[in-house]
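Scroll down for the structure; my scribbles are underneath it.
The values are calculated or read from the model by the stated rules, or taken from the named source; none is laboratory data. Just so it is clear, the structure is predicted and the values come from calculations on it, not from any experiment. Cβ: placed from backbone, ideal geometry, glycine included. Neighbour counts: every protein chain shown.
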Amino acid sequence: MKKSVIVVSLAVMIFAAGSVQALPFTSFGIKGGLEFTNQSFDGPYDPDPNGRVGLHIGIFGEWLDLPMFSLLTEVAYVQRGMKNDVLDIGDDSMIEKDNRIDYLSISVLPKYKISLIAASIYIAAGPRIDYKLRVADDTIWAEDEAEDYLKDVNIGGDIALGIDFNRFSGEFRYSRDFTSCFDNEGLEGAEPVDVINSSFGFLFGISF
């Protein structure tokens, strides 16, 4: 299941990349890197989360090639979530759980750029929508069927600072959800818990 979700996500992005030439992009390409992700909990249950490292693999297209402004759109497979320590009842020791959630992430980022002699630096910020693809096995979400209360769609925002050099780019990105990825209001007797995804990413891209 894990491999099939990744394969399907990548297939969608490859198909989109193959079709993008028919659209009025000024440039398009692939972008990938690492996401340093975590989750914050607001409620009676706080698992004391720790960060985890996940993948970010996607395609991008850039529109409106004005002197200092363009519009950056992206579709990416991203791994979010967090790690936490739980008590192993069997031998009374602590074990670390990797609570990974995979998303298909779509973002639209207005991009302001300053041209230098051999490169350009830019800042981009805008909205993002994440579609849940899969929850990894053996996570805290498997307890008491909590996975059923993870939302299928999350709304958030990205802000990025990067540099373009010919066909290559390097980027630092901060992402944070505006909405909780967890909704247990329908669970009788449970107090509401808000869970917010956030991440710092280091991404590299190549344009075609």
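Just the residues that are under 30 Å from ILE114 (Cβ atoms), modelled with pLDDT under 95 and under 15 Å from the mean Cα position of the chain (by Cα), please, taken from region 165-208.
Of everything in region 165-208, nothing turns out to be under 30 Å from ILE114 (Cβ atoms), modelled with pLDDT under 95 and under 15 Å from the mean Cα position of the chain (by Cα).
Can you find a residue that is within 19 Å of the chain's Cα centre (by Cα), of a type in the set (Val, Ile, Thr) and modelled with pLDDT of 95 or more anywhere in region 116-129?
Yes, region 116-129 contains a residue that is within 19 Å of the chain's Cα centre (by Cα), of a type in the set (Val, Ile, Thr) and modelled with pLDDT of 95 or more.
Can you tell me which residues in region 136-167 are touching a helix residue (DSSP H, G or I) at 6+ places or on another chain (Cβ under 6 Å) and closer than 21 Å to GLY32 by Cα?
None; the set is empty.
Out of (1) over 16 Å from ASP158 (Cα atoms); (2) among the aliphatic types (A, V, I, L, M); (3) modelled with pLDDT of 75 or more, what's the single condition that is false for ALA11?
(3)
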